[in-house]
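The values are calculated or read from the model by the stated rules, or taken from the named source; none is laboratory data. Only a predicted model underlies this, so the values are computations on that prediction, with no experimental measurement involved. FYI the Cβ positions are ideal-geometry reconstructions off the backbone, even for glycines, and counts take in every protein chain you see. What goes into the accessible areas is simple: the full protein's heavy atoms, side chains included, and nothing from ligands, DNA or RNA. Shrake-Rupley method; radii C 1.70, N 1.55, O 1.52, S 1.80 Å.
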Amino acid sequence: MSSLKHWFSGNIRYLQWSAFMLINCTFVFKYAQRTPFSPWLCTLLYPLLILFLWQTGTKRLSRHARTLTLTLLTAATAAILLLLLKIDPLSVNVDRWSATTYFLDGLRDGIYPYGIHTHVCETNFPSPFPLWHYLNIPCWLIGDVGISLIPFLFFFTYVTYRFTRSWKQSMLATGLLLSSPSYWWEVAVRSDGLSNAILIFGLILLMEQRHISFRNRWLLTSVLCGMVACTRLSAIIPMAIYVCYDYFRLPLRQKILSVLLIVAAVAFFFAPYVLWDTHGWIFFRRNPFMSQTSTGSPVIMLTMVCIALFIALKKDRSIDGYMHRTGLFLLFFFAVAISANHILHHQDISIWQDAEFDISYLTLALPYCIFSIIHPERETNIPESHEESFSAHPMLQ
């Protein structure tokens, strides 16, 4: 076991590169089948291209990192706006944009928003939780919720730079994200899954930098956990892995109060929809939990929860260790979940033709994999006591 642990720690960057390539090569292989090009050839060429660009960026372009980062963001903004203008959202068979747009339309018109089906079919309903819809209101008012991809891209670059204090690392992180076919798939279909993942990833980096945890600011941490839980179920996983270790070290009274605060935050955002119809109680017949838990195996889910708890309770409290473990776990979790769903329900068709084989969930691991690639691991762990606190942490000086 110790030799395996030593091998793992010594090859963590290679594992993260493998995870990054696996996510994106899956997208390349699946969607190259819809083009005249060979999917095998495209899948082979993509890693070679990325490694060439990486070598160029790390050795020749690092002196101009700030200028190149801003250039990348400007060019990406123009490309995103162009794709949003050129691609008719009703022509894509992905309903994440309409789940949010139709939800907010219904809210404006006084119609129960979780009962409005999306543009894909009459059996698909909005699945994000209320707070995520509210965060999209500014772009909805502009006229296209897909525009939210732009501020979340800038947010990713901002939190990476703020934490690393390095334009070079920020440039490399932004470059890796923008060189990911999985990211441009999100843009093409106006998906908000990766944006949600970037929000939680950035929040965790900011919490780490501002020393917000159950150890020293448990009230604020409880409220933030409750708010994260009001975006998507998938957002709970990385946050839970981040905070669980410190939570279990709280005194019993604070443990109970923290849970009550989290429940109160969730209740605050869900109460209007629970009480929308107090006669027929429509919430219990159509709610976002039904959409987010309609597929999958309870046995697999329980197994994954146990693995997540094991990861969360690791004594290595460094932010690098957290990013390594979380990125690999999220990739493993969603790869197993979507593969199991295909095996259990759709064995009779090719996995690449299965509409419910939703590889977009793999992108939720992308921010953590990218951070692990661009950020050199430090040996120092988060100190255990309040007296040592974070002032001695070399990553935060």
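It is to be established whether one or more residues within the range 127-143 are of a type outside the set (A, V, I, L, M) and modelled with pLDDT under 90. Let's see the steps before the verdict.
From the range 127-143, those of a type outside the set (A, V, I, L, M) are 127-130, 132-134, 136, 138-140, 143; that's our starting set.
Cutting the leftovers down to modelled with pLDDT under 90 gives us 127.
Yes, because at least one residue in the range 127-143 is of a type outside the set (A, V, I, L, M) and modelled with pLDDT under 90.
Conditions tested, residue by residue: (1) more than 25 Å from His133 (Cβ to Cβ); (2) without any contact (Cβ under 8 Å) to a residue 40 or more places away in the chain; (3) not aromatic (Phe, Trp, Tyr).
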| position | (1), (2), (3) |
| --- | --- |
| Leu220 | no, yes, yes |
| Leu252 | yes, yes, yes |
| Ala265 | no, no, yes |
| Ala271 | no, yes, yes |
| Trp276 | no, no, no |
| Ser291 | no, no, yes |
**Request:** Scan the range 273-332 for residues that are exposed (fewer than 15 other Cβ atoms within 10 Å of the Cβ), modelled with pLDDT of 80 or more, not in a helix (DSSP H, G or I) and not aliphatic (A, V, I, L, M) and jot them down.
**Result:** Asp277, Thr278, His279, Gly280, Trp281, Arg285
**Message:** List pairs: first residue in the range 161-189 and on the phi < 0 side of the Ramachandran plot and touching a residue at least 12 places away in the same chain (Cβ under 8 Å), second residue open to solvent by 30 Å² or more (accessible area, probe 1.4 Å) and basic (Lys, Arg) anywhere in the structure, Cβ distance under 8 angstrom, at least six positions apart or on different chains.
**Reply:** Trp167/Arg66; Met171/Arg66; Val189/Arg96
**Prompt:** Would a scan of the range 227-245 turn up a residue that is more than 19 Å from the chain's Cα centre (by Cα) and surrounded by 15 or more Cβ atoms within 10 Å (Cβ to Cβ)?
**Reply:** yes
**Message:** So, in the range 88-101, exactly how many residues are open to solvent by 60 Å² or more (accessible area, probe 1.4 Å) and not aliphatic (A, V, I, L, M)?
**Reply:** 3
**Request:** Inspect all residues belonging to the range 209-223 and state whether any of them is assigned to a helix (DSSP H, G or I), under 30 Å from Gln55 (Cα atoms) and in contact with a helix residue (DSSP H, G or I) (Cβ under 8 Å, 6 or more places away or on another chain).
**Result:** yes
**Request:** Taking Thr231 as meeting all but one of (1) of a type in the set (Ser, Thr, Tyr); (2) more than 21 Å from Ser98 (Cβ to Cβ); (3) not in a helix (DSSP H, G or I), write down the number of the exception.
**Result:** (2)
**Message:** Given the criteria more than 28 Å from Ala19 (Cβ to Cβ) and among the aromatic types (Phe, Trp, Tyr), does Tyr46 qualify?
**Reply:** no
